[in-house]
Amino acid sequence: MVSYKDLGLVNSRELFAKAVKGGYAIPAFNFNNMEQMQAIISACVETKSPVILQVSSGARKYANQTLLRYMAQGAVEYAKELGHAIPIVLHLDHGDSFELCKNCIEYGFSSVMIDGSHLSYEENVELTRRVVEYAHQHDVTVEGELGVLAGVEDDVKAEHHTYTQPEEVEDFVKRTGVDSLAISIGTSHGAYKFKPGQKPEIRLDILAEIEKRIPGFPIVLHGSSSVPQDIVAEINHFGGKLKDSIGIPEDQLRKAARSAVCKINIDSDGRLAMTAAVRKVLAEKPEEFDPRKYLGPARDKLKELYKHKVVNVLGSDNKA
Ligand code: G3H
Ligand code: 13P
Ligand code: ZN
């Protein structure tokens, strides 16, 4: 068992309390490899933003649990070396079992999500409560979820959104003891969030209703990539085939961040930025075969994207 505290990480409790009060959100950027981690940390150090390094179960398998622990510890030291010791959370994204959450906590995670959103309400309450009970013994914070996002979540596919029911949130929060709550208000995972012709809009009215029921309680938005059309165009220009990809408009996320939304999850936009940069190098310099020559520019583009998100979407700059 390694405690996240020994790695120099923090849990999300204090960060969320400040974010809710200050009207901004903490970025939760997913990562799987060194270049993504470097881009996240350098972007957040330069903008002086706290950050949540987010790892899905797939990412954990890809990167290896032991390497991840040292990468997170390395991230803390790297930030100091870059000149500013920002608060860093290592968070499990979409944990699907008590055992996985427990294992992550034993490997140095400071925060976990238990996603029981596909279960019945009572089963979700029971599983979440059990994770909270264990996590809190180790001062690890827990995110729960109510409502189902449309699209693909790990291997579970939902055709339509099941919006979070505001009438349920108070009971769920009270009975589970969660530290934050992910809700479903029209965001979804991946690069195809709306159909062409559909108005890309999230249900800020449901968010307001939820806030009324649990004032000041930290709310989390998943599926919050905006799918920048210039990046999609670049991918397609250099041989990609992304058709009709549409994301959440950034101004709507900015509005949400000003409210009780204090964590915004962004993965797909980073994937798109990296892909665009790699495609560009390989298309323009087909003779290139040194991975640093395409992963380096990918890392630069990613960093630029993250800085933009921090300053213009999350509003978390200068909060660390
Ligand atoms: O919510 C999903 C995240 O974007 C992680 O995706 O399971 O492919 O790593 P992944
Ligand atoms: P995006 O696919 O919109 O980036 O969402 C990521 C996410 O919610 C990770 O949990
Ligand atoms: Zn998610």
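Every number here is computed from the coordinates shown, using simple stated rules; none is lab data. Predicted, not measured: the structure shown is a model, and the values here were computed from it. A quick note on method: Cβ atoms are made from the backbone with ideal geometry, for glycine too, and the neighbour counts reach across all protein chains shown.
Extension gain for the segment LEU119 to HIS138, taken as residue separation times 0.36 nm less the Cα-Cα distance, is 4.3 nm to one decimal.
Extending 7 Å from Cα along the Cβ direction at PHE98 and again at GLU77 yields two label points whose distance is 3.7 nm. Ordering of 207-217, 86-96 by packing is 86-96, 207-217, highest average first (other Cβ atoms within 10 Å, averaged per residue). Per-residue packing, averaged as other Cβ atoms within 10 Å, sorts the ranges 292-298, 49-55 into the order 49-55, 292-298, beginning with the highest.
Among the listed pairs LYS5/LYS61; LYS5/LYS293; LYS80/LYS309, those whose Cα-Cα separation exceeds 26 Å are LYS5/LYS293.
Restricting attention to region 104-227, close to 30% of DSSP beta bridges with both partner residues there are antiparallel. Each DSSP beta bridge with both residues in the chain is either parallel or antiparallel, and the antiparallel ones are about 10%.
Straightening the chain between LYS5 and LYS293 buys 100.1 nm, computed as 0.36 nm per residue apart minus the Cα-Cα spacing. The amide H of TYR192, built 1.01 Å from its N in the peptide plane, has ILE246 as neighbours under 5 Å, considering only residues 5 or more places off or on other chains. Neighbour counts of C-beta atoms inside 10 Å place MET37, MET1, MET113 in the sequence MET1, MET37, MET113, starting with the fewest. For the chain, a crude dipole built from +1 on the beta carbon of Lys and Arg and -1 on the beta carbon of Asp and Glu, taken about the Cα centre, is about 800 debye to the nearest 20. Projecting the Cα atoms of ALA17, MET37, VAL311 onto the charge dipole of the chain (Cβ charges, centred on the Cα centre) puts VAL311 farthest toward the positive pole. Model label points for GLU304 and GLN165, set 7 angstrom from Cα along the Cα-to-Cβ axis, are 4.7 nm apart.
What FRET efficiency comes out for the pair GLU126/ARG213, r = Cβ-Cβ distance, R0 = 22 Å, nearest 0.05? Efficiency computed from Cβ-Cβ geometry: 0.55. Given the chain reduced to its alpha-carbon atoms as identical point scatterers, what log10 I(q)/I(0) does the Debye formula return at q = 0.09, 0.10, 0.12 Å⁻¹? Reported log10 I(q)/I(0), two decimals: -0.42, -0.53, -0.77. Relative to one another, the C-alpha centroids of region 204-281 and region 94-114 are positioned 25 Å apart.
Amide hydrogen proximity for SER56: with H placed 1.01 Å from N in the peptide plane, the residues at 5 or more positions away or on another chain lying under 5 Å are PHE31, ASP93. Springs between Cα atoms under 10 Å define the GNM used for the chain, and in it the highest mean-square fluctuation of ASP179, ASP205, ASP300 occurs at ASP205. Each 10 Å bin, from zero up to the one with the longest distance, holds this percent of the alpha carbon pairs of region 89-220: 13, 42, 34, 10, 1.
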